[in-house]
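Below is one structure, written out as structure tokens; comments come after it.
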Amino acid sequence: MYKLITALLSGITLAFIGHLFIPLKTSKTSEIPKPFICPPLDKAAALNRFRGLISFPSISNISREDHVNDQKVFRDMVAYLVRSYPRVWKHLNVEQVGENSLSLLITWPGSNPDLRPVLFVSHYDVVPVTPGSEHAWTYPPFSGELADGYVWGRGSLDIKFGVAALLEAASTLLAPHDSGAAEEAGEDATGDLFQPKRTIIFAFGHDEEVGGGQGAGAIAALLRSRGMDLELVVDEGGAILLNGLRPITSQPVAMVAMAEKGNAMVEVTLRSPGGHSSMPPTDGSDVASQLWRLGTALKLVPTRTRLQPPVTDMLTHVAPYASGWMRPLLERVDQGPVRWLAGVLLRGFGGRELAAMVSTTLSLTRIRAGVADNVLPQEAVLGFNARLLPGQEPVQAVEHLQRAVKLARVNADVRLTEPGASWPGSKVTSSDGHHFQLLRKAIQETWQFDGQAPAVVPFLVMGATDSRHYAALSHGGVMRFVPYAMGDGDLGLIHATNERVRADSFTRGVCTYLRMMQLLAGSESEH
Ligand SMILES: *[C@@H]1O[C@H](CO)[C@@H](O)[C@H](O)[C@H]1NC(C)=O
């Protein structure tokens, strides 16, 4: 037995080392594009419009039938947007849709109706401030305070930044290029507008944080009823990480999520005869013994490790920025034995984020059992939250738990709860295609650090976004990225106390969105 294992291990190691010496078609770091000159923007005024948006406590709430705490806050907020971005409401077609008309669908018709539209998705609902934590905020959560180089407040990162920056970008593109000259020539100011060739659509949902069913779900249904075929969907999910992806690189990287995980709630109900707690059974039939066995079975038979796109793409894209022994490993991560080994290493030693990128995770999030201190429970209900890799279906999480139940020899039912709140892992958008090139160009032209453009890196995002409602309508898939920069501490502030975004990201982000609109919708070349 020992000899067999040694032989196997040596074989794998040799194959692995052999692979490192196979020459690769070099995936060179692309050249740094010429910086894009952003149209003039009154930075302070633009930032103030964004800060004003943060001041609305537009909290969505799953316990309420209409999914929001206060409809009036949303209506006032939309009225605020009308006042703040008048050019958008004047020149584009704005519809208030969704349950109670609380979401926005804005259409900017392209000059060529044969081209499929590109859809920019965001949302203006926010998660609540944890009751009792208000005093821990440096500035009140709905103040939109500008201080210490940040704009502070709930929703600044997630994701009123996106709504404000997209509207600001559209508004800038709608401005006459040179109003003075236009007036002198006696021209109508609207004669000088940018008109996209491809239709641009903005969809801003009002209940993304509670699933998006009444906002994005309703908008997607409306688009579908109109027979809409989309070219590409751009949604939230990634950002620019100023300190890179350590330990691979500490240079800035722009992370673009090309897929997102699916979600399933699976309930395991353990059954037991119960009885008096003074005489617990000795045959392992009590709830506690069954629970230990099930836990052990889940450790013995974990979900499968799968290093697959877009995580393999992530590793090959950062490879040129890595140094030492890591670089040859990352460059070859798509090759058989290297992929297998890398997957195992990432899951075992890469930390929780990387482990979650290479496996479907099963987290025990709820336990309900027991009626009295001296009564053995007859039942224990365990709620597992599964987060599914791309390509996996909710039923696969159920099957995995059924195998564990069998292995552990426990008396249990396994079922999917709330099928409506379960969905598969998303499709993976290609990072080889034309759209990714254009997105990379827009990012690298508008974000440069000491003359260096950030690496633009595909990845798999753990959270769910509104884009899943639109994904089926899109030919070119979904790319999830918001043009703002985050330092080490910033990522943990999403949904947390002291949520804040770098103020200097805002004008740059406006410029990136503007450039994306020009590149994705301004050219006839793609169908
Ligand atoms: C959500 O709505 C429920 C039902 O109206 C309410 O009791 C709860 O306080 C709300 N949650 C928040 C965070 O406001």
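Tabulated data
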{"read-out": "Segment 436-494: number of residues that are farther than 23 Å from LEU104 by Cβ, among the β-branched types (Val, Ile, Thr), in contact with a helix residue (DSSP H, G or I) (Cβ under 7 Å, 6 or more places away or on another chain) and in a strand (DSSP E or B)", "value": "2"}
{"read-out": "Options PRO394, PRO424, PRO390, PRO377: the member that is farther than 30 Å from GLY476 by Cα, surrounded by 15 or more Cβ atoms within 10 Å (Cβ to Cβ) and touching a Gly at 6+ places or on another chain (Cβ under 8 Å)", "value": "PRO377"}
{"read-out": "Complete set of residues in segment 197-229 that are acidic (Asp, Glu) and farther than 19 Å from LEU157 by Cα", "value": "ASP229"}
{"read-out": "Single condition GLY489 does not satisfy, out of (1) in the same structural domain as ASP148 (by TED's automatic domain parsing); (2) touching a residue at least 24 places away in the same chain (Cβ under 8 Å)", "value": "(2)"}
{"read-out": "Spans of helices (runs of 4 or more DSSP H) in segment 29-112 with at least 2 residues under 19 Å from LYS160 (Cβ atoms) and within 16 Å of the ligand (Cβ to nearest atom)", "value": "71-84"}
{"read-out": "Qualifying residues in segment 277-294 (those that are surrounded by fewer than 19 Cβ atoms within 10 Å (Cβ to Cβ) and in contact with a helix residue (DSSP H, G or I) (Cβ under 9 Å, 6 or more places away or on another chain)) - the one nearest to LEU345 (Cα to Cα)", "value": "ARG293"}
{"read-out": "Unmet requirement for LEU241, which otherwise passes all of (1) at pLDDT below 95; (2) of a type in the set (A, V, I, L, M, F, W, C); (3) within 18 Å of GLY463 (Cβ to Cβ)", "value": "(1)"}
{"read-out": "Failed condition for ALA136, given (1) hydrophobic (A, V, I, L, M, F, W, C); (2) in contact with a helix residue (DSSP H, G or I) (Cβ under 8 Å, 6 or more places away or on another chain); (3) farther than 22 Å from ALA464 by Cα", "value": "(2)"}
{"read-out": "Test result for TYR139, away from the ligand (no atom under 16 Å from the Cβ), over 21 Å from LEU491 (Cβ atoms) and of a type in the set (Phe, Trp, Tyr)", "value": "no"}
{"read-out": "Candidate set: segment 113-136, residues that are aliphatic (A, V, I, L, M) and within 16 Å of the ligand (Cβ to nearest atom); chosen: the one surrounded by the most Cβ atoms within 10 Å (Cβ to Cβ)", "value": "VAL126"}
{"read-out": "Filtered residues of segment 245-281 (kept if aliphatic (A, V, I, L, M) and part of a loop (DSSP other than H, G, I, E, B))", "value": "ILE248, MET279"}
{"read-out": "Number of positions in segment 446-501 that are closer than 25 Å to VAL129 by Cα and among the charged types (D, E, K, R)", "value": "5"}
{"read-out": "Among the residues listed as ALA342, ALA372, ALA356, ALA408, the single one being farther than 21 Å from VAL461 by Cα, surrounded by 16 or more Cβ atoms within 10 Å (Cβ to Cβ) and in the same structural domain as ALA264 (by TED's automatic domain parsing)", "value": "ALA408"}
{"read-out": "Considering residues of segment 145-202 that are among the aromatic types (Phe, Trp, Tyr) and modelled with pLDDT of 95 or more only, the residue nearest to ARG116 (Cα to Cα)", "value": "PHE202"}
{"read-out": "Test: residue in segment 19-28 that is at pLDDT 80 or above, of a type in the set (S, T, N, Q) and more than 16 Å from the ligand (Cβ to nearest atom)", "value": "no"}
{"read-out": "Candidates PHE436, PHE459, PHE449, filtered to the one that is aromatic (Phe, Trp, Tyr), buried (at least 23 other Cβ atoms within 10 Å of the Cβ) and in contact (Cβ under 8 Å) with a residue 60 or more places away in the chain", "value": "PHE459"}
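The values are calculated or read from the model by the stated rules, or taken from the named source; none is laboratory data. As the structure is a computational prediction, the values presented were derived from the model and not from experiment. Cβ: placed from backbone, ideal geometry, glycine included. Neighbour counts: every protein chain shown.
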